[in-house]
Structures are given as C-alpha cells and as structure tokens.
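Report on the following structure.
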Amino acid sequence: MPFTANAGFHADPRMIERAEGMYYYAADGRQILDSCAGLYTHAAGHCHPDIVAAVEEQLRTLDYAMAFQFGHPGAFELAEKVAELTPDNLNKVFFTNSGSEAVETSLKIALAYHAARGENQRTRFVGREKGYHGVNFGGLSVGGIARNKNGFGAGLPHVHHMRNAYLPESRFSKGQPEAGMEFADDLEQIVQTYGGDTIAACIVEPIAGSAGIFVPPQGYLQRLREICDAHGILLIFDEVICGFGRTGKAFGAHSFGVTPDIITMAKALTNGTIPMGAVACDIALYDAIAAGKDDRTIELFHGYTYSGHPVACAAGIAALKVYQDEKLFERANTMAGKFCELVFGLNDLNIIRDIRSYGMLAGIDLEPGDKPGDRGYELMQACFDEGLVLRTSGDTFVLAPAFIAEEDQLEEMISIIRKSLSKWAA
Ligand SMILES: Cc1ncc(COP(=O)(O)O)c(C=O)c1O
C-alpha cells in the first residue's frame, strides 16, 4: 500500500467502502467525516452526480483514443478550460496521469525549452528542502523530504536545494508569515556558486503541502521570481495541492500574485474521480520548442499512453464546470477565515507545537512523544474510531476539507480531533 504502515494496517484495517459529499462510509456502515477532501483531491466532495454522469456518458461514447498523433475533442476542450483558469500566458497544456508525472514533464519541458534556444548548458535544477514533488526520480531529486529520498540512490545530478522558508518565530502565524523573505536569496547564492546560466529551473510548491503546510513568507515568491528573471531561470510552481481553489483562488499563483513560467497540477483537476495531471506552460515556451519544426516533426519526445485519456478529460470538464456553477473557489475563499479561526482554536492544548494555515489548508504539529511519529499514528487511528479520516505524516496532521463543507462539519472535525488528543492534552 502507498505510504502505509502495511503491518499496522493488516492488524487493524481501516476500510472505506462508499463515499458521498463530505462523508465516507466504512464496511460496517459507519459514517466517517472526510477532513482531507480525499487526498486534497475532492474539492467538490465525493461522488458528485454531475461528474459521475459525465464519466458514465464518456465511457459509452469513447473509452480511449490513440494518444500519439491522434486527438479527441475532450482533450482540447479541457485544455482550453484549464487555460482559462491559469494566470497570464500559461495557456499551453500537456496532460499526464498524476502529479508525479506532471512534475517530470515540467522538468523535461524546461530542459527542452533551453535546448531549443541553444542553451544546452542549463541542466541544473533548484528545489527546496521539505518540497514534495512526487515519487518519480526527477521529482524525488528536486524534492526535499529526506525520508522519501533515503535508500533510493543519488537521484538526478546537479540538483541544489534552498532552505525551507520558515523561521521558528513564525510559529502560529495565520496566513503568510511576515518574516523569512530572505530565504529566497538562497537561490541567488546557488546562482553565485554555479552560474545562473547553468540553471534550467527552480521548482517550488507555493505552499509546501506534504511537509505539513508551510506558507510562503510575505514577498518570498516575488523575490524568487525576480532572481529567476535576472538569470533566465524558469520558475515552476508545483500546484498539485494548491491548484483549483485550495488557496481561495484558482491557483496559488493568483493568491500570492506571482506568475511562474510553468504550473503543474493534478488532484482536483478531475475532482479526484479519475487519475489525471497536467502541466500548463507559458506560450513562449511552447513557441520556442515548436519553432522551426515542420509538420512531420515531433516537437517534444515525451508523453504517456494515457495522456489526455477521454474519461479523465470528461471528468475534468465536468469538475471544472461544477467548481464554476457552485462557485466553489469563492466559497473556499469566504470560508477560509472561519476555518482558520476553528483550527487555531486548538492552540490552547499544550500538545500542539505549531499551527500554520492559509486558505482551506492547515498544518498542525504535535509535540512528539518518545518515538517520533507514534502520536501522529495514534491520532489518526483514534480519529478514525471517532468517525474522522485525518491525514497525518509523522507527528503533523493536515486539514484540507472539501469546499462544500458546512460550518458545523468543520466544527465537528475540530471537536473529534480535540477529543482524540485528550489523552495527551490533559
Ligand atoms: C505538490 C505535489 N506534487 C506532486 C505530487 C505527486 O502527485 P501524485 O501522487 O498524483 O503523483 C503531490 C502529491 O501529493 C504533491 O502534493
């Protein structure tokens, strides 16, 4: 099982059989509240009838179309809808099947862009400590979560990491911390050491998600953009978690007012119903890669059998329509204040070491017990027994509810967590 303590699971399985809206249903019929919108996927909740209907209809019409050298209307329609949501000129879209594949694709597009312009020497990538960019070798290399990298070899050569942009004094900050913008100068440092013209791209999550929700300090992403611009380095935002309303706007790029050259996305692209990822890149990148190629020449030797799978496209088109019809990004934006207030209500408990929150995302650290990670695991188990699916990683837990959540459901999440923490919090 993925990222799972298999022995623990088999000893006491947490099985989910059915889902609807904000709830899962266990094998014994128990209703269980979902505090992580699937895995940051289900912005509109589970089994949305419009998305289910679109998938059913697509399966009856076109279950697959040859992906190489052939197309189908759904892929172009979804690409256009995605391009309507992405900022500025990020209007060229490449489909993948996951966030990990979107990241690999983005790194390859960055290299292809520089090569097309005769800058083959730009082969370095810069990532960030605690960054999560999926589990494939490129993403693992630019990622910065040690446990995920250990034991899996050296990874890509010529990858450098900036520090995680978080200061101890920023603990319990609501929204963007005031301090820490200077962490962006780590990129300038790497430029000074290795030469800006050897660096292809710098990749960051606008909000570091999997590491436990680290919100960028004020001015930090702007400074990264400036440094990239000064040295011709492409800026990639990995928005696999942030994308599609999680920050209160379509993308983190909008919320933080910084436009990267490439955005990676997945998860809520199809409201999690069918696996799919995508890369949106600035039209200038596409034009540079396509320049001078005749109509027999493949521009980018890259792609997947299931790139733009018709059923995933149908799910994506339906999901984006639901987000628009139900004004879910606006709802996320409006609800974020109440959500933040409720989450910060936990800070009276001694067991809570830090809370970070932005939009409909919050990361909460527990004081570790004798063995790091044990408390997180026990909290997850206790919450499940009390009727809540909670995403924990080590001694950190994350809240990322669907945007359809009602206030009383948010309150219920917090109250189950509080109850489950009581054995340590007394
Ligand atoms: C920022 C980020 N990038 C990439 C990925 C990988 O996505 P996937 O698990 O779909 O491969 C994730 C998954 O959580 C993610 O949060």
Problem set entry | Local net charge near Gly248, Cβ-Cβ under 13 Å (Lys/Arg +1, Asp/Glu -1) | +4
For this session: Mind jotting down the three principal axis lengths of region 125-231 based on Cα atoms? Whole angstrom, largest first.
Result: 37, 32, 17
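What order, most packed first, do the peptides 136-147, 63-74 have when packing is the mean number of other Cβ atoms within 10 Å of each residue? Intermediate results must be reported in sequence, preceding the final value.
Numbers: 136-147: 20.3, 63-74: 12.2.
Put in order of decreasing packing, that is 136-147, 63-74.
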For this session: Could you pull out the pairs from Lys92/Lys130; Lys81/Lys130; Lys130/Lys267 whose alpha carbons sit more than 22 Å apart here?
Result: Lys92/Lys130; Lys81/Lys130
Seminar exercise, completed: Given unit charges at Cβ for Lys, Arg (+) and Asp, Glu (-), the dipole magnitude of region 15-96 about its Cα centre in debye, nearest 20, is 140
Exercise. If you find the alpha carbon centre of region 354-426 and of region 316-344, how far apart are they in angstrom?
Worked result: 20
Exercise. Rounded to the nearest 500, what is the chain's calculated 222 nm mean residue ellipticity when only DSSP H runs of at least 4 contribute -39500 (n - 2.57) each, over all residues?
Worked result: -11500 deg cm²/dmol
Seminar exercise, completed: For the chain, the dipole about the Cα centre with charges only on Cβ (Lys and Arg +1, Asp and Glu -1), to the nearest 20 debye, works out at 620
For this session: Go through region 262-299 and name the trypsin sites (Lys or Arg not before Pro) that are in a DSSP coil and have 14 or fewer other Cβ atoms within 10 Å of their Cβ.
Result: Lys293, Arg296
For this session: Could you pull out every residue, at least 5 positions away or on a different chain, whose amide H is within less than 5 Å of the one on Gly373? Hs are placed 1.01 Å off N in the peptide plane, and Pro or chain starts have none.
Result: Asp395
Exercise. Given the alpha-carbon gyration tensor of region 52-325, what are the semi-axes of its equivalent ellipsoid in whole angstrom, ordered largest first, with each equal to the square root of 5 times an eigenvalue?
Worked result: 30, 23, 17
Problem set entry | Partners for Lys327 among aspartates and glutamates (Cα-Cα distance below 18 Å; same-chain residues under 8 apart left out) | Asp50, Glu84, Glu406, Glu407
For this session: Please work out the C-alpha center-to-center distance from region 36-101 to region 238-265 and express it in whole Å.
Result: 17
Seminar exercise, completed: In nanometres, the difference between 0.36 nm per residue of separation and the alpha-carbon distance of Ala288 and Arg117 is 60.9 nm
Exercise. Got a sec? Charge dipole of region 52-325, +1 on Cβ for Lys and Arg, -1 for Asp and Glu; which of Ala65, Tyr323, Gly151 is way out at the positive end?
Worked result: Gly151
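Taken together, the values in this text are just the output of simple stated rules run on the coordinates, not laboratory data. All of these numbers come straight from a predicted model, not from anything done at the bench. Don't worry about glycine lacking a Cβ; one is built from the backbone with ideal geometry, like all the others, and counts go over all protein chains shown.
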